[in-house]
Amino acid sequence: MSGPEKKSQEASHSNFIRSAIEADLASGKYADRGWGGRPGPAKVHEGAPQDPARIRTRFPPEPNGYLHIGHAKSICLNFGLARDFGGACHLRFDDTNPEKEEQEYVDSIIAAVKWLGFGWEHEGAPHLYYASDYFDFMYHAAEHLIESRHAYVDSLSAEQMRALRGTLTESGKGSPYRDRSAEENLKLFRQMREGRFMEGEHVLRAKIDMASPNINMRDPAIYRIRRAAHHRTGDKWCVYPMYTYAHPIEDALERITHSLCTLEFEDQRPFYDWLLERLASDGLLQRPVPQQIEFARLNLTYVVLSKRKLIQLVEEKHVEGWDDPRLPTLAGARRRGYTPEGIRRFAERIGVSKADSWIEYAILEDCMREHLNEIAPRRMAVLDPVKLVIENYPDGKEEFADVPNHPQKPDWGKRQVPFSRQLWIEREDFMETPVKGYFRLFPGNKVRLRYGYVVECTGYQRDNEGHLTVRCTYDPDTKSGTPGAEKVKVKGNIHWASTKHACAATVRLYDRLFKVAHPGAGDRDFLQDLNPDSVKVITAQLEPALKDAKPEDRFQFERHGYFTADRIDPVSGVAEFNRTVTLRDSWGKTEKA
């Protein structure tokens, strides 16, 4: 990515978050903010040199699943703003829930962020962190809250706590354990850490206001007992912080200036501010403390972005895995052939707002088409092949057609595509009895073989198994690029592949995973909305230049769409191909392959 002093096109879009950052910098809010060289409490940053990063943001995924397109919006926002304002963006794993987190997810998240084109270094210093590295401080801060009478151990059951919590119109009621002494609370909390109790016997709650109109301020739980091994800390802990408690502390230890969250955390902001104010006032954290700013999350039609639903799709094998090209995961998008540039363009196009709205999936597809049109070489592939025999073409003769690699990029040069007597053509390019307006092959009609000759259909035949062979003759004076080639005017222009030189390859034609814009709407089981035709596997005939395609090589198959090379077939040694997105015609319609 470009340097901090140069704003990229993808991140230059004005939005309310950018305006807030500009105002903060103009006011000098962070002018004297120190950075001790690593995350830490007040003593690490007190008296430290001025932070070399003008701002600090963070992307804080929980490693309990694979990142998806919705996360890409947050990645582009956080890393993009840090880059544009000469700041640092931290990649932080919020690994506070040991029951659902795995190293596999950590590795996949790192790969996805890098693939999108972002890094977490600033002036040579890496900023990759884990919430679990802060467990000791979080526990120490919890003991401090107990000692300052801002937290207490509650021994009610979860059901009893809910009953006392109140409603949006009724105040909550205090727990009978709310007024335990600091000494008793501290003893119980330490016994919780020592493993003296079972899960659910006790929780640690912040002591705030059970009459608050914001239910999140009615003594929220901040620690619970979990007897589960953590993927990084092992069995060291059997008490773990709640996310709403851990999140602001993590931000403050890392000296985050702008903590960008989605709108569901807006009601949590008062607790975020309350906690940081308590800990900063008592000297545990350095000022200025981070500020939380909320924005609308991505709601995309024709997909599900719920982690629970994505896990269900994978575990119940409705898809092949987390990188199934039909999934909205970044791993799936990568296998499908989506480009990082296209995703960044999409994030820029949809912008950032405070209002929830639905984004049409077609916008994402359009961003992919735009970028792939710029970067994808053209190739010919016959997806539904039938044989075409040129009866007057000399048997055994071979020649080459000069074909541009990209019609709008002459500097990309041309390639030579072999031509012979027998060719593969698309089944849809021949009709025995043509319908009105059909200009391709039918008995007595002429078409141009793209980059080749004009041919006239003389007939067709079917063998005993129903296999079709179309027959034609050619005009040897009409080869594309030669003098007089345009003397015969035809309306049809079809692509082809020489049967002698073509390579057979598996091609997967992907469509949308769901057949409706809002899967599961109205309490319907979202699985009922799965599209039974979301993938079609075929054997196509490809021009020989595609024999050497490597995984993630991208091409436009002329007239069909954009395709990416996937896995290499172990038998043929030829890549399998996935359709990334279809083409659109001049009327803005999608041309179905």
Among Val535, Pro407, Phe430, the residue whose Cα sits farthest towards the positive end of the charge dipole of the chain, when +1 is placed on the Cβ of each Lys and Arg and -1 on the Cβ of each Asp and Glu, is Phe430
Cα-Cα longer than 23 Å, checked against Lys73/Lys317; Lys409/Lys446; Lys73/Lys307; Lys43/Lys73; Lys207/Lys354; Lys397/Lys491, kept in input order, equals Lys73/Lys317; Lys409/Lys446; Lys43/Lys73; Lys207/Lys354; Lys397/Lys491
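What is the percent carbon and sulfur in the accessible area of the chain, measuring with a 1.4 Å probe over the protein chains and ignoring ligands? Mind dumping the intermediate values first?
Working: 12420 of 26300 Å².
Percent of accessible area from carbon and sulfur atoms in the chain: 47.
Assigning unit charges at the beta carbon (Lys, Arg +1; Asp, Glu -1) and nothing else, what dipole magnitude in debye, to the nearest 20, does the chain show about its Cα centre? Walk me through the numbers before you get to the answer.
Details: 86 positive and 89 negative charges, 215 e Å.
The calculation lands at about 1040 debye.
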The size of the Cβ-based charge dipole (Lys, Arg +1; Asp, Glu -1) of segment 245-331 about the Cα centre, to the nearest 20 debye, is 100 debye
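Å³ per residue of the Cα convex hull, for the chain?
Convex hull of Cα atoms, per residue: 196 Å³.
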Projected onto the charge dipole of the chain (unit charges on the beta-carbon of Lys, Arg, Asp and Glu, signs +1, +1, -1, -1), the Cα from Phe439, Leu509, Gly80 with the largest positive-side position is that of Phe439
By the C-alpha gyration tensor axes a ≥ b ≥ c (rounded if a/c is under 1.5, else prolate when a/b exceeds b/c, else oblate), the shape of segment 416-475 is oblate
Contact order relative to length for segment 522-584, counting C-alpha pairs under 8 Å separated by 6 or more residues, stands in percent at 24 percent
With the 8 Å Cα cutoff and a minimum separation of six or more residues, the chain has a relative contact order in percent of 11 percent
Expressed in angstrom and ordered largest first, the alpha-carbon extents of segment 1-144 along the principal axes are 43, 39, 28
Regression test value, accessible area per residue of segment 107-223, probe 1.4 Å, units Å², expected 49 Å²
The aspartates and glutamates whose Cα lies under 18 Å from the Cα of Lys187, excluding any fewer than 8 residues away in the same chain, are Asp136, Glu143, Glu147, Asp154, Asp179, Glu199, Glu201
Checked segment 487-593 against the a/c 1.5 cut and the a/b vs b/c comparison, axes a ≥ b ≥ c from its Cα gyration tensor; verdict oblate
Everything considered on the Cα gyration tensor (a ≥ b ≥ c; rounded for a/c under 1.5, else prolate if a/b is larger than b/c, else oblate), segment 150-272 must be described as oblate
Ignoring ligands and nucleic acids, Arg287 exposes an accessible area, probe 1.4 Å, in Å² to the nearest 10, of 110 Å²
In nanometres, the difference between 0.36 nm per residue of separation and the alpha-carbon distance of Ser357 and Lys409 is 14.9 nm
With the dipole of segment 286-342 defined by +1 on each Lys or Arg Cβ and -1 on each Asp or Glu Cβ, the option from Ile293, Val304, Thr329 whose Cα lies farthest towards the positive pole is Ile293
Taking a probe of 1.4 Å and leaving out DNA, RNA and ligands, segment 339-382 shows per residue an accessible area in Å² of 37 Å²
In deg cm²/dmol, rounded to the nearest 500, the helical mean residue ellipticity at 222 nm of the chain, built from -39500 (n - 2.57) for every DSSP H run of length 4 or more, is -7500 deg cm²/dmol
Excluding residues fewer than 8 positions from Lys550 in its own chain, the aspartates and glutamates with Cα under 16 Å of it are Asp566, Asp569, Glu576
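The values are calculated or read from the model by the stated rules, or taken from the named source; none is laboratory data. Just so it is clear, the model here is predicted, and its values are computed rather than measured. Heads up, the Cβs are rebuilt from the backbone with ideal geometry, glycines too, and the neighbour counts pull from every protein chain shown. Please note that ligands, DNA and RNA were not included when accessible areas were found on the heavy atoms of the full protein model with its side chains. Shrake-Rupley method; radii C 1.70, N 1.55, O 1.52, S 1.80 Å.
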